[in-house]
Amino acid sequence: KLPESLSGEENLRLLKEIKNGNEKAKEKFICHNLRLVTFVMGKRLKNYQGNDIEDIFQAASVALMKAVENFDLERNTLFSTFAIKCIDTEINNYFRNNYKTNNLVSLNEKENLFILIAKKHQKKKKK
């Protein structure tokens, strides 16, 4: 079970501590924001039945860690907005790097890529 989400004030306090180099604050912040990873994966991989869900979760979790390191408090952006974009991008990169489709799919056609991959996995299962 994932830890509960933190309040806005607690998020802000931890982000300030992280910018000051507090590693324990960073660990706590990442653990309490793993729900963002599961949210994006649930949204993007609704019908996906591949065997590499754990690998995708790992790549998305690394993206969350990078988001924590690169988040700028000075910008007028919520951390969740920034992190979701980072996680989404990392999931797209995972599929691009692991499932070459012979250039049939452009970078702007992300959804079609997921459909092609799902069909590819269904064909493998039928064999």
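The values are calculated or read from the model by the stated rules, or taken from the named source; none is laboratory data. Predicted, not measured: the structure shown is a model, and the values here were computed from it. Keep in mind that these areas ignore ligands, DNA and RNA; they rest on the heavy atoms of the full protein, side chains included. Shrake-Rupley method; radii C 1.70, N 1.55, O 1.52, S 1.80 Å.
Mind running the shape call on region 1-56? Use the C-alpha gyration tensor, a ≥ b ≥ c as the square roots of the eigenvalues: rounded below 1.5 for a/c, prolate if a/b tops b/c, oblate otherwise. The shape class here is prolate. Estimated at the nearest 10 Å², the accessible area of Glu9 is 140 Å² with a 1.4 Å probe. Classified by the C-alpha gyration tensor, region 31-96 has a prolate form. Its axis ratio a/c, with a ≥ b ≥ c, is 1.5 or above, and a/b is larger than b/c.
For the set Lys16/Lys46; Lys26/Lys46; Lys24/Lys46; Lys19/Lys85; Lys19/Lys43, the pairs lying more than 28 angstrom apart at their alpha carbons are Lys16/Lys46; Lys26/Lys46; Lys24/Lys46; Lys19/Lys43.
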